[in-house]
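The values are calculated or read from the model by the stated rules, or taken from the named source; none is laboratory data. Being a predicted model, the structure only gives us computed values, none of them experimental. A quick note on method: Cβ atoms are made from the backbone with ideal geometry, for glycine too, and the neighbour counts reach across all protein chains shown. Note: areas computed on protein heavy atoms with side chains; ligands, DNA, RNA excluded. Shrake-Rupley method; radii C 1.70, N 1.55, O 1.52, S 1.80 Å.
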Amino acid sequence: MKFLHGAKRNPFLSNAFFIFISRFFPSVANLAVISYYSRNLDAALYGTYSNFWINLNLLYPLACLGIHVLVFTYPANFILKIVKRISLSQYSLYGIWLSIIAILFALLQSASLHTWAVPFCFIIVYAATLIFESCLMVCKKFSILVWINVIFSILYFSIHKYILNSSFSLQNLFTALLLLCAIRLLIYIVVASRYFYREVQADEPTTLNIKKIRSLWLYLALYDVVQNYSGWIDKFIVAHTLDSRSSGIYYNGSLNIPFLPLLLGAALSAVLIELSDTGQANETPRILKLMDKTGRTMSCIVFPLFFFLLLYRYPVVVLLLSAKYVPAIPVFLVSLLVLPLRAYSFTSVLQREHQGALINKGAIADVIIGCTLIYPLYILIGLPGVALAFVISTYLQAGYYIYHTARVLQVSWYRLLPLGNWLLKMVIFGLLFIVLHLITTHYFTNLIAVILGAVSTLAIILFTLWLEIKKQAV
């Protein structure tokens, strides 16, 4: 109760929590589907199934065109002003662009689904859903989003299970999922029209700097596309150069840690929402305090999760995905090395300061360096080398962002990071989890050991979060 009370009094934690929880249940359902299908589908067929999501995740940022990211930069009333300034011809141009991306996605999936209509409509619905969901989050309509996504998640898993246990067909599966996603989008549109346009009022006298907004939007759109490529281009390359079985193995081994992207996205969105309330005066001390608070808070979650997954990687993969995916464990191990970086939001200050060019240079360099390293590292150590290529490029990218954030704020780079706090936590958590792993794996079966490790990890996260919130409240 004290933890929840402290979170409610902390605007950053409150916004981050509700953004996270509204996206939590679809992520749970997706994890359940991955586990269920990994166990019950042939490895090659599972690889074909996973290729749909690989292609979708590579193309949907192009379909969204950064709109779902831009909305978090401004307050709700400011977004309404922007929406009112968009002309019908501009909406039409976006519709044409969306159709082009949908055609490309349909071409990529036509061979496996034997239809173009389902993937064509699927990516349009998916992109529109993300945009409307982001708008509702900015308006802080979290309770509605949570209930919608709880129901969606239950139906999402149920559809997967029903079709697998009946006459399984990828076309039937994604047709049913398209219908489910379309219903959710329709509800979002109704809710947005009722709450976003009626309750949020735009103050007309305020002048919009359209040129500045357009510039930021273009930079954010490019950044979102490139940044997403850095997380999915390796899977795309493997899917389209190796066999379906290898694609399935790499997909499972290099999957994002469940719920962590939600935490990171929630933290970034919460930081941007809080930063959007600042004025034009120099607020560097407030920004530094907020970023320090963010790094300390996120490390309470990320560091324990890192050590748990690092030490329990073998039983976690086998229990979650089955022994068929033991070859994915080395890929999983290498992918974990990037996890500590997720304790910090490296681009939020640059985004707030409209430094889109710097953000995009870092994102493009990340993809170029990663792609350049893929082939030599694959030849050297196989599939884990593909993952290592982007681990290296991500660390270089983080250093680039920290350097330029320090220059923008005119402070030393080490003032941006709670290095002492992080080092202390890494040592304590590392020793604690080594002891925990030795005890649980020595005296218990793999299943019991993982359960005890997971429960202990949750307890450690909640306890350290409570300590951090208590310290910040003083």
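Quick check on my filter: what residues within the range 341-353 are under 15 Å from the mean Cα position of the chain (by Cα) and assigned to a helix (DSSP H, G or I)?
Pass one, the range 341-353, residues under 15 Å from the mean Cα position of the chain (by Cα): 341-348.
Answer for the range 341-353, where residues must be under 15 Å from the mean Cα position of the chain (by Cα) and assigned to a helix (DSSP H, G or I): 341, 342, 343, 348.
Give the residues of the range 433-474 that are part of a helix (DSSP H, G or I) and over 18 Å from residue 304 (Cα atoms), sorted by residue number. Walk me through it before giving the result.
Taking the range 433-474 and keeping what is part of a helix (DSSP H, G or I), we get 433-443, 446-473.
Scanning the range 433-474 gives 442, 443, 446, 447, 448, 470, 471, 472, 473.
So, in the range 216-261, of the ones that are buried (at least 21 other Cβ atoms within 10 Å of the Cβ) and among the acidic types (Asp, Glu), which residue ends up farthest from residue 369 (Cα to Cα)?
Top of the filtered list is 224.
State whether one or more residues within the range 409-432 are under 25 Å from residue 328 (Cα atoms), out of contact with any strand residue (DSSP E or B) (no Cβ under 8 Å at 6 or more places or on another chain) and outside any loop (DSSP other than H, G, I, E, B).
Here is the first cut: in the range 409-432, the residues under 25 Å from residue 328 (Cα atoms) are 430.
Next, only the ones that are out of contact with any strand residue (DSSP E or B) (no Cβ under 8 Å at 6 or more places or on another chain) stay: 430.
Narrowing further to those that are outside any loop (DSSP other than H, G, I, E, B): 430.
Within the range 409-432, one or more residues are under 25 Å from residue 328 (Cα atoms), out of contact with any strand residue (DSSP E or B) (no Cβ under 8 Å at 6 or more places or on another chain) and outside any loop (DSSP other than H, G, I, E, B).
Report whether or not residue 130 is closer than 20 Å to residue 224 by Cα, touching a Lys or Arg at 6+ places or on another chain (Cβ under 9 Å) and in contact (Cβ under 8 Å) with a residue 12 or more places away in the chain. Give the derivation first.
Working: closer than 20 Å to residue 224 by Cα: yes; touching a Lys or Arg at 6+ places or on another chain (Cβ under 9 Å): no; in contact (Cβ under 8 Å) with a residue 12 or more places away in the chain: yes.
Considered against the rule, which asks whether it is closer than 20 Å to residue 224 by Cα, touching a Lys or Arg at 6+ places or on another chain (Cβ under 9 Å) and in contact (Cβ under 8 Å) with a residue 12 or more places away in the chain, residue 130 comes out as no.
Sort out which residues of the range 24-47 are surrounded by fewer than 21 Cβ atoms within 10 Å (Cβ to Cβ) and touching a Gly at 6+ places or on another chain (Cβ under 8 Å), and write them in order of number.
Passing the criteria: 43, 44.
Take the range 314-340 and flag every residue that is modelled with pLDDT of 90 or more, over 21 Å from the mean Cα position of the chain (by Cα) and not aliphatic (A, V, I, L, M).
Answer for the range 314-340, where residues must be modelled with pLDDT of 90 or more, over 21 Å from the mean Cα position of the chain (by Cα) and not aliphatic (A, V, I, L, M): 314, 315, 327, 330.
Does residue 303 meet the test of being part of a helix (DSSP H, G or I), open to solvent by less than 20 Å² (accessible area, probe 1.4 Å), under 18 Å from residue 224 (Cα atoms) and in contact (Cβ under 8 Å) with a residue 12 or more places away in the chain?
On the way: part of a helix (DSSP H, G or I): yes; open to solvent by less than 20 Å² (accessible area, probe 1.4 Å): yes; under 18 Å from residue 224 (Cα atoms): no; in contact (Cβ under 8 Å) with a residue 12 or more places away in the chain: yes.
No, not satisfied.
Output the number of residues of the range 48-67 satisfying the condition of being open to solvent by less than 20 Å² (accessible area, probe 1.4 Å) and not hydrophobic (A, V, I, L, M, F, W, C).
To start, the set of residues in the range 48-67 that are open to solvent by less than 20 Å² (accessible area, probe 1.4 Å) comprises 49-50, 52, 54-56, 58-59, 61, 63-64, 66.
Remaining after also requiring not hydrophobic (A, V, I, L, M, F, W, C): 49-50, 55, 61, 66.
Within the range 48-67, residues that are open to solvent by less than 20 Å² (accessible area, probe 1.4 Å) and not hydrophobic (A, V, I, L, M, F, W, C) number 5.
State which residue is farthest from residue 185 (Cα to Cα) when the search covers only the range 139-151 and only residues that are open to solvent by 20 Å² or more (accessible area, probe 1.4 Å) and in a helix (DSSP H, G or I).
That would be 143.
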